[in-house]
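These notes concern the structure reproduced below.
The values are calculated or read from the model by the stated rules, or taken from the named source; none is laboratory data. Note that the structure is a prediction, hence the values are computed from the model and not measured. As a convention, Cβ positions derive from the backbone with ideal geometry for all residues, glycine included, and neighbour counts pool all protein chains shown.
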Amino acid sequence: MRRLIALFLLACILLVACDSGQNEDYTEKISFLDAKDIVFDDTEETAEGWVFADVDYEITQNEIELVSENSEVATIEHDYSALNGYFYCKIRSVGEGETYVYAKIKDSDTVSEKIKITVSIPDDGIENEDAKNKNTKMSLIYLKSPVKRGRTATIKVKSRPNMEHLIHVYYSSGVSNAAGLLPKSSDSDGFVEWSWTVGAGVAPGVYKIAVSAVDETAYYYFAVR
């Protein structure tokens, strides 16, 4: 009887050891193929690639997910397909900046190496010089340009503190009534910022932005693609 108990315990130990070995392999064999940092500008909508998962048992695409650490820069399209452990994926640019993307097996700590994604906004050739607005107390801090149709435009200016400001965006079809283009008060340091969505129907071109406060108005220009 004691011999049977000893054999049973030995079998349990061997079974645990086998499971541990499988888990170790499982955590080490997921990777991006030809992994490298990806750099693309805002005129490119997607970067594409493959992920390879080599595990000791069959895995389905529902068990693999890709993660972007900063969804304000790039997001993952999860409509990829699986073929013999290879998973096709797309990375979509959203805004300027950097993020890291990695593959992950769901409900586990299994992750691949991280790929750095850099999205830049190319120069649109438009000069927004504060000298053109020298008769105002406003200065341009940031203006996103160019902006794709359907994407978010942003402008930030510095003016006099704690003062109400108006903004008007002039497209070829008329003054924009996009949500977000409402009167705003500058903060105690004089900063005021607006963000709005450029409509899908806006024609590509260069458009004027007017920012007003009391008796002064500054004009800036941005491009739509």
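What number of residues within the range 161-192 satisfy the criterion of being small (Gly, Ala, Ser), assigned to a strand (DSSP E or B) and either modelled with pLDDT of 95 or more or over 23 Å from VAL224 (Cβ atoms) (or both)?
Qualifying residue count, the range 161-192: 1.
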In the range 161-178, the residues that are in contact (Cβ under 8 Å) with a residue 12 or more places away in the chain and within 17 Å of SER195 (Cβ to Cβ): HIS165, LEU166, ILE167, HIS168, VAL169, TYR171, SER176, ALA178
Residue among ALA178, ALA200, ALA223 that alone is out of contact with any Phe, Trp or Tyr (no Cβ under 6 Å at 6 or more places or on another chain) and surrounded by 13 or more Cβ atoms within 10 Å (Cβ to Cβ): ALA223
So in the range 76-128, with the set limited to residues that are of a type in the set (A, V, I, L, M) and assigned to a loop (DSSP other than H, G, I, E, B), which one is modelled with the lowest pLDDT? ILE121
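Listed here are the residues, each with its yes/no results for (1) buried (at least 16 other Cβ atoms within 10 Å of the Cβ); (2) more than 20 Å from VAL214 (Cα to Cα); (3) modelled with pLDDT under 95.
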| residue | (1), (2), (3) |
| --- | --- |
| ASP130 | no, no, yes |
| ARG151 | yes, yes, yes |
| THR154 | yes, yes, yes |
| SER159 | yes, no, yes |
| TRP194 | yes, no, no |
So is TYR207 surrounded by fewer than 17 Cβ atoms within 10 Å (Cβ to Cβ) and outside any loop (DSSP other than H, G, I, E, B) or not? no
